[in-house]
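What follows is a single structure, written as structure tokens, with notes after it.
Computed from the coordinates by the stated procedures, all read-outs in this text should not be read as laboratory data. The shown structure was predicted, so the numbers you read here are calculated from the model rather than taken from an experiment. Glycine gets a Cβ as well: all are built from the backbone with ideal geometry, and neighbour counts include every protein chain shown.
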Amino acid sequence: MSDGLASEVNMDVKRRAKLVFYSVGIFVCYSYYAIVQERITRGKYVIKPGEEENFTYMLSLVCTQCIVNYLYAIFLSRTFMKQGENVTNWFYLAASALTYLLAMVCTNMALKWVNYPTQVIGKSAKPIPVMVLGVLLGNKSYPAQKYFFVLLVVLGVALFMYKDGKQSKDNDSGFGFGEVLLGLALIMDGLTGAVQERMRSEYKTKSLHMMSSMNKWSVIFLSVCIIYTGELTEFIKFVSRHQSIIWELITFSIASAQGQMFIFLMIEHFGPLPCSIVTTTRKLFTVLFSILLFGNAITPRQWVGTFVVFGGLFLDTLYGKARRKERATE
């Protein structure tokens with residue numbers, strides 16, 4: 001009896017250690033990813049004394065990230081995490097890749113007009129398009145509490161992104177082009193979720209199948225764009241002029257790939273609720289890191305909006321947990 005109890009305690013300790021390891025992995029990977037992303041997209045690169053330039057090659061940046069994500073998923077699927085053959089309809093894979101890609105490109109491009117805290121808070125409104133598209137395209141229904149929590153998110157985002165009349169002339173009209181790009185990114189996120197849900201329900205698509213296929217199609221789409229527009233040549237020239245960015249591009253992409261895998265492992269071993277709590281909390285710390293490291297100003301009203309957004313998301317995860325417990329006891 002004592003041996004059995006000791007074994008159970010030992011398993012619980014290992015499980016908790018694994019949970020902490022995955023959580024720390026998500027925090028570290030995506031915090032570093034966020035810092036380097038802002039450093040690349042908003043940094044000044046010296047051409048010669050008195051002359052600087054900005055990094056403007058967003059499609060190439062996303063393409064680099066997707067290449068590393070794809071190679072990493074293929075490596076894992078053929079070594080440590082074999083998941084069999086992918087039988088998912090190619091149209092679903094291509095469609096999810098296109099919407100995923102557009103969301104990522106719009107998100108990165110938005111950083112040219114908004115700071116990183118605004119981008120993170122705006123992307124925290126992701127449940128809104130997911131819910132709307134679920135009702136319109138998936139014939140789903142949601143309890144009243146769910147609508148209330150999403151309303152909190154909407155109000156928090158509105159508080160954060162509303163621009164005071166005292167701000168600069170370019171921004172005093174309210175929402176600008178950066179906010180429009182964030183709105184498009186949210187719509188694409190919702191479409192991606194709807195397509196992925198069909199993939200899981202109709203084909204039981206595994207995590208690495210989805211990760212590798214989405215990134216493969218994204219690389220194909222992006223390669224055509226950057227070659228056709230000539231951005232690839234300009235990107236290579238930029239990297240040649242500023243070779244210090246190479247290390248940032250490599251570590252940025254590796255952090256992205258490993259962060260995705262920690263999320264998949266968290267969901268596989270502990271379910272979506274702990275994962276959503278960890279990732280939501282991580283976003284809040286990302287905002288704080290951005291403010292501390294890059295000096296992004298944030299007003300008291302925006303602080304209120306920040307905590308309203310994360311409060312709504314956190315209440316939603318707690319409500320989901322309560323609902324699952326109720327169904328388990330029925």
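Couple of notes before you dig in:
- Its Kirkwood hydrodynamic radius, worked out from the mean inverse distance over all distinct Cα pairs, puts region 4-117 at 18.2 Å.
- Förster radius 41 Å - calculated FRET efficiency between Phe21 and Glu53, Cβ distance, rounded to 0.05: 0.50
- The residues packed around Thr192, meaning those with a beta-carbon under 15 Å from its beta-carbon, carry a net charge of +2 if Lys and Arg are +1 and Asp and Glu are -1.
- Inter-probe distance in nm under a simple model that places probes 7 Å from Cα toward Cβ, at Ile246 and Phe307: 4.7
- Fully extended contour minus Cα-Cα distance, from Arg200 to Val224, at 0.36 nm per residue: 5.8 nm
- Shape box of region 56-124 [Cα atoms, principal axes, largest first, Å]: 43, 25, 24
- Added length on full extension, which subtracts the Cα-Cα distance from 0.36 nm per residue, Val180 to Arg78: 32.7 nm
- The string of couplings for region 74-84 from the Karplus curve (6.51, -1.76, 1.60, θ = phi - 60°) is 5, 4, 5, 5, 9, 10, 8, 9, 5, 10, x Hz, one whole number per residue in order, with x for Gly and Pro.
- Per-residue extension of 0.36 nm, minus the Cα-Cα distance of Phe270 and Tyr147, leaves a gain of 41.7 nm for this segment.
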